[in-house]
Every structure is written in structure tokens, then in C-alpha cells.
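Enquirer: Can you keep this structure in mind? I'll have questions shortly.
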Amino acid sequence: MNVKSLLLVGSAMLAATAASAGGFQVSLAGIKNNGMGGVGTGLALDQASMFYNPGALAMVRERGVQMGANATFARQAFRAEFGGEERTLRNSVVNPFSLFAGFGPAEGKWKAGIAVYTPFGSNLRYADGWEGRFSLTDIDLKSVFVQPTVSFALTDQLSVGVGVAVLAYGSVNLQRDVPVTNAQGEYGHVELDGKAENKVGFNAGVFFKPSDKLSVGVSYRSKIDATVKGGDVTLTNLPASAKASFSGTEFDVTIPLPATTTIGIGVMPTEKLTIAVDVNHVQWSKYRSLDFTFNGPVGGATSSTSKRFYQDALTLRLGGQYKLTDVLTVRAGGSYDMSPVKDGYVSPETPDADRIGATAGVSYKAGEHFSVDVSTQFISLMKRTQTQQDLLNNKTTDRVAGTYKTQIVIPGIGLNYTF
């Protein structure tokens, strides 16, 4: 195994952790919002405002608790530049979840609450024997954020809020083959496994509703550096002659999770209809390189650096809901998500491209206090081709040349209790 290949494995962890639009960002908090293309910064829909715009929470009249869960089904196809069969992912399912609980006086000026959500997560399992197996075979990452939040209405039209975003739990498991064989003809295999340290950031927002038919919001989620120290390096199937170059047993890495600024507008032309637009700006340009250190030689070196050179990216979201009856509301939406990954920097753990999303959802109110939300999303990533010449030009040959095409389906369900 060479050092560059190991770097690529490490970058998979980044791909899985820096959750937000484009790149490896995930935005699946709030089943109602999911059905509306992921909008929410310019709205005060429910307790999920803690995630989209803490400033809007004070304008949510009802107190309540809601739980939501999604299932992510991805299909990815890869064909190497110089031919060969099309490779697809082995089956895997990821289950992001969320919990929001909001409290405070029904007619008062303030609200408080706590949010639990999983903004970062990834599970990719490439086909056995695929051309990029020396870069990556498997990635499995889990993360849980906890966000205590307070929100205050300065006037009847203007409110502000802030939440302390705590990376409460994070884990990562990355695996790849090593291009050396043992006496049985088996390729070596490396597994990196570690847990991230607890880190703290913040999420703040302002919400303004000048009339019953218009609302505007701005929110800012701060950057967090996710750090793994003393993660385990496990090597198997190595020949005895290679073990001296792979005596490292632990690794350290710090992963920047970029800041996100969002502007949202909500329009309510009638009491039954709501339409909203969100624009997310993610500061991916802060991600210039990925640096690892080891407590012993890994591929003959105790440290490594891999180029990223990401660029800032925008996500455009549009969605709406219509109240058909007193108990039934339907939703639809869409999004266009610009990739922060430049040509020649695409890697197996983040086979990223500009993506188009379509969403739908429905809510059914089963009683005075209880309702059920259902949503589904279809995400299609544009076909992304990276040539060997691209890699040579950028000196990024630690990744594989070929064409990726990914599609994702994400159904979700949520339960709400208001009081």
C-alpha cells in the first residue's frame, strides 16, 4: 500500500462527516421539510425550526415533540476509463433520524427546546474486486448532534435564536485492499476505525414576518473541526516482507466541517398554501487538504497529505405545501445542489457531482394532538467522468479514473405530538 492510497481512505471519513449540501453534506432533519425540498429557514413550521433557523422557533405557536427517521437507498454505477464491466455498490441502507422537542408559553415571547439529529452519515460498500479497491472498499460513518436551543421574539414580527450544536457521538470505519499479496494469493487489507472527540459549535438565526403573507429568515451554522485521535489501524493478509513498512497501529486526523449560511423566504398567498425558497452557501473552500499522522510507518511514512482544493458551493431549494382538508396536507419540492468538488479531485468516498432532487410528502392529523408525516426524496447525481490525464494534471493519482453515476431514494416517516 502506498501513502497516497491510504490518504484516499482517510478522505472517505471526511466525505462521510462533513454533512451538508453537496460534497458529503446531508440535510434530512424534519419530515415536513424533507417533503418540501428541504426548505425551512424562511418558515416557522414546527419544532424542526431548531435545525433550519433557531430564530423562527419563537414564532411556532404550538409546543410539541416530533420524531423522524429516514432510510437511504443508493445505487451507484462506476465504469473504469480503460474499459471493464460496470460496477455497482453492494446493498446498504443508512437510517438518519431526528428528534425535536420545543417548550415555552403558548402566547409568550420565548421558546426553548432540544434537537437531536444525524447530519453526517455514510455507508458505501463497493463491489468485490472493483477497480478502485486499492483506494476504498467500504465506509461506514455515524454521527449524532445534540442542540439545546433558545429563541426570543423581539417584536410580533421579529425573533432571534441560537443553539449550541454539540457533536455528541461520531464513529467511522474505512476499509480498502492493499496491492500486495500473501503466500495464499490474498490481497492485504487495511481497516481504519475510530471515534470522534466531542466538539461544540453553534447555530443562530433571525426570523422576520412583516405580514401574514410573507416571512424571511437568515441562519448561520458554524464550522466544526471533527477530530479523531488514536483511531485503530488494523492490517490483515500482509506478507511478512511488507510488515516492517506497516507497523503503525493508530492514526490521528482533523476534519473540517464547513460553515453554512442560509437565506430563506416564505410566501403564504392563501391560508391553505405555503411556498418557500432557500439558498444555502457552504464554505467548502476552507477544505484544502487532508492530513494524517500515524504512530508508526504506514506505507513507509508516519504522515501524509492529500489535496482537496474544494470550492464554495450553493444549494437552491424550492418547496410548498397545501392543506387539502383539516386533517390532510400535501407537499412537494425540489433542489439543485452544486458540487464543491473540482474536476480531477473526485474520489471513491465522495463520487460527487451536481445533483437534482425531487421530493413529496403528506401529513395526516389523527387527532387534536397527534399527526403523522411521510416524505420521500429522489436524488440524481449528474454523470461525472474523471480521466487519468485529469489526475496527472492535478497530481491527484491517489484516486481512480472513470465515470460515476449515483441515484438515491430516501423515504421518511415522522410522528408528532403537540400540546
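Enquirer: Relative to 2.2 N^0.38 Å, what does the C-alpha radius of gyration of region 118-163 come to as a ratio? Two decimals please.
Expert: Scaled against compact globular proteins, the figure is 2.24.
Enquirer: Hey, what's the Cα Rg ratio for region 339-385 versus the globular rule of thumb, 2.2 N^0.38 Å?
Expert: For region 339-385, the normalised Cα radius of gyration is 1.88.
Enquirer: What translational diffusion coefficient, to the nearest whole µm²/s, does region 352-419 have by Stokes-Einstein, given a Kirkwood radius computed over alpha-carbon pairs, a temperature of 25 °C and 0.890 mPa s viscosity?
Expert: 160
Enquirer: Hey, another quick one. Take the Cα coordinates of region 98-216, assign each an equal point scatterer, and use the Debye formula without solvent to give log10 I(q)/I(0) at q = 0.10, 0.14 Å⁻¹.
Expert: So the normalised log intensities are -0.54, -0.75.
Enquirer: Quantify, in whole percent, the carbon and sulfur part of the accessible surface of region 96-236 (1.4 Å probe; protein heavy atoms only).
Expert: Of all accessible area on region 96-236, carbon and sulfur atoms account for 61 percent.
Enquirer: Related question: Write down the Å³ per residue value for the convex hull defined by the alpha carbon atoms of region 22-158.
Expert: Considering the Cα atoms of region 22-158, their hull volume per residue is 114 Å³.
Enquirer: Still on this structure, I have one more. On average over all directions, what projected area in square nanometres does region 222-273 have, based on the convex hull of its Cα atoms?
Expert: Approximately 7.9 nm², given one-decimal rounding.
Enquirer: Please quote Rg/Rh for region 171-239 to two decimal places, taking the Kirkwood radius as Rh and restricting both calculations to Cα atoms.
Expert: Rg divided by Rh gives 1.43.
Enquirer: May I have the convex hull volume per residue, in Å³, for the Cα set of the chain?
Expert: 120
Enquirer: Another one. Over the Cα atoms of region 175-312, what is the Rg over Rh ratio if Rh follows Kirkwood?
Expert: 1.25
Enquirer: When N is the residue count of region 268-419, what does its C-alpha Rg come to as a fraction of 2.2 N^0.38 Å?
Expert: Dividing the Cα Rg of region 268-419 by 2.2 N^0.38 Å gives 1.47.
Enquirer: Quick one: in region 260-329, what % of C-alpha pairs are over 20 Å apart?
Expert: Percent of Cα pairs beyond 20 Å in region 260-329: 60.
Enquirer: Please express the shape of region 208-250 as an equivalent ellipsoid: the semi-axes are the square roots of 5 times the eigenvalues of the C-alpha gyration tensor, given largest first in whole angstrom.
Expert: 56, 11, 7
The values are calculated or read from the model by the stated rules, or taken from the named source; none is laboratory data. In this text the structure is predicted, and so the values were computed from the model without any measurement. To get the accessible areas, we keep the full protein, side chains included, count just its heavy atoms, and leave off ligands, DNA and RNA. Shrake-Rupley method; radii C 1.70, N 1.55, O 1.52, S 1.80 Å.
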